[in-house]
Amino acid sequence: MRGGTSTSLRRDGARRAGRAARARSNELAAAPKELYSVPDAGHVDLYDKTGLIPFDKLEEFCTKNLA
């Protein structure tokens, strides 16, 4: 039998593990780097909702750091 609490605990643990993995990958990434969160976008929204892609932000970053 499974209770609601165990499911919630597993999800919370997965979130913490995900945060830790993101933090570690950010530490290991070569510079330059910048974290940008796209407002109102979920995990896979940028595949289907191309209107949410911040092309201006991408262009700004690439122009500044890859020129």
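The values are calculated or read from the model by the stated rules, or taken from the named source; none is laboratory data. Note that the structure is a prediction, hence the values are computed from the model and not measured. Side chains included, ligands, DNA and RNA excluded: accessible areas come from the protein's heavy atoms. Shrake-Rupley method; radii C 1.70, N 1.55, O 1.52, S 1.80 Å.
Structure summary
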| read-out | value |
| --- | --- |
| Positions within the stretch 6-40 being modelled with pLDDT under 80 and either among the aromatic types (Phe, Trp, Tyr) or open to solvent by 100 Å² or more (accessible area, probe 1.4 Å) (or both), in sequence order | Leu9, Arg10, Arg11, Arg15, Arg16 |
| When residues of the stretch 25-67 are limited to those that are among the aliphatic types (A, V, I, L, M) and not in a loop (DSSP other than H, G, I, E, B), the one nearest to the chain's Cα centre (by Cα) | Leu46 |
